[in-house]
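What follows is one structure encoded as structure tokens, with my remarks underneath.
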Amino acid sequence: MSDLSPGGPGPATGLASGLTFDDLGEGLGTASTVLRGNAGSAGLHASVPTCPGWTVLDLVAHQGMVHRWATSQVRGTPEGDPERFEAEGRAAADVLEWFDAGATGLLQALVDAPDDLEALTFLHDAPAPRVFWARRQCHETTVHAVDAMAARLGRAPRPEETWLRPHLAADGIDELLTGFVPRRKQGAQPRRPTRVLVRPDDASLAWLLDLAPDRPATTTRLTDVEALGADADAAWTGGTVELFLRLWSRTDAEPADALERWWRDTVSVTW
């Protein structure tokens, strides 16, 4: 798969992580390649430990469907019935080639899209649509590439076994904590007000989650210095890649405490 924009640095994205548009495209292309390779090695009938009840075929058909649905949004021809894409993938003579075609098509659509693209966005505090879709598909595909690795290994991969690097993982954490969590008005709060500091050991960005049962969650980005003085009831620390996998529930490790168990059961996106 080609890089999103091989001609040089992409335009500024406005992302707190500092990732460029090209970084997101490279991340999407790499994750697509990792997913495809591990899916082929595991076999389509293998189970996916990190997506209980799924086979590799389910995983590939789902992600190929999402790539095509995202492409329809970026191309300005929104597909109202994305499930037809998944049915198409399941019926394909070679579902991995079908997956490749969808990933390549998405990358090309992002290359072709203007900087001022007008398209659907659906996360809290979303960046401009072109960046939004590159970012969303980068991290969606990354998480499911980890799932494909889990299918090959028979368990969730450890951080050092993945291809992930801290700068990409930090942006994936940022999207989850500032984009997904605050948009949920129900089911995203523990039983009593709780402030959780998420602070990677190897990144300059941290996050303070303010969770309560009677109001939507809020997330505040913090610098290292600000994080040191943060008033939090709990702190989740570790390497950025480790935290990315923990927060997205892609780890075999038992939750460290009741709060993390609540997070895994209630907040984390597990599909």
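Some notes on this structure:
- Around the amide H of ALA235, modelled in the peptide plane, lie the amide H atoms of LEU197, all under 5 Å away and 5 or more residues distant in sequence or on another chain.
- Efficiency of FRET between THR218 and ARG158 - r from beta-carbon atoms, R0 35 angstrom, step 0.05: 0.65
- Backbone N within the stretch 200-223 under 19 Å of label point (7 Å from ASP265 Cα along the Cβ vector): 211-214
- Largest accessible area first, the residues TRP54, TRP263 order themselves as TRP54, TRP263 under a 1.4 Å probe with ligands, DNA and RNA left out.
- Estimated [θ] at 222 nm from DSSP helical runs (n ≥ 4, -39500 (n - 2.57)) normalised by residues in the chain, nearest 500: -14500 deg cm²/dmol
- The residues of the chain expose, per residue, 43 Å² of accessible area to a 1.4 Å probe.
- Computed from point charges on the beta carbon alone (+1 for Lys and Arg, -1 for Asp and Glu), the dipole magnitude for the chain about its Cα centre is near 660 Debye.
- Sorting 133-144, 37-48 by their mean Cβ neighbour count within 10 Å, with the most densely packed peptide first, gives 133-144, 37-48.
- Calculated FRET value between THR104 and HIS45, using beta carbons and R₀ = 30 Å, to 0.05: 0.75
- Efficiency of FRET from Cβ geometry, GLU118 and ALA93, R₀ 41 Å, rounded to 0.05: 0.65
- Accessible-area value, ARG68, 1.4 Å probe, nucleic acids and ligands omitted, Å²: 40
- Taking a ≥ b ≥ c as the square roots of the eigenvalues of the Cα gyration tensor, an a/c ratio of 1.5 or more together with a/b no larger than b/c marks the stretch 205-262 as oblate.
- Surface share of carbon and sulfur [accessible, 1.4 angstrom probe, percent] for the chain: 50
The values are calculated or read from the model by the stated rules, or taken from the named source; none is laboratory data. Worth saying up front: this structure is predicted, and the values here are computed from it rather than measured. All Cβ positions, even for glycine, are placed from backbone atoms using ideal geometry, and neighbour counts span all protein chains on display. All accessible areas refer to the heavy atoms of the entire protein, side chains included, with ligands and DNA or RNA removed. Shrake-Rupley method; radii C 1.70, N 1.55, O 1.52, S 1.80 Å.
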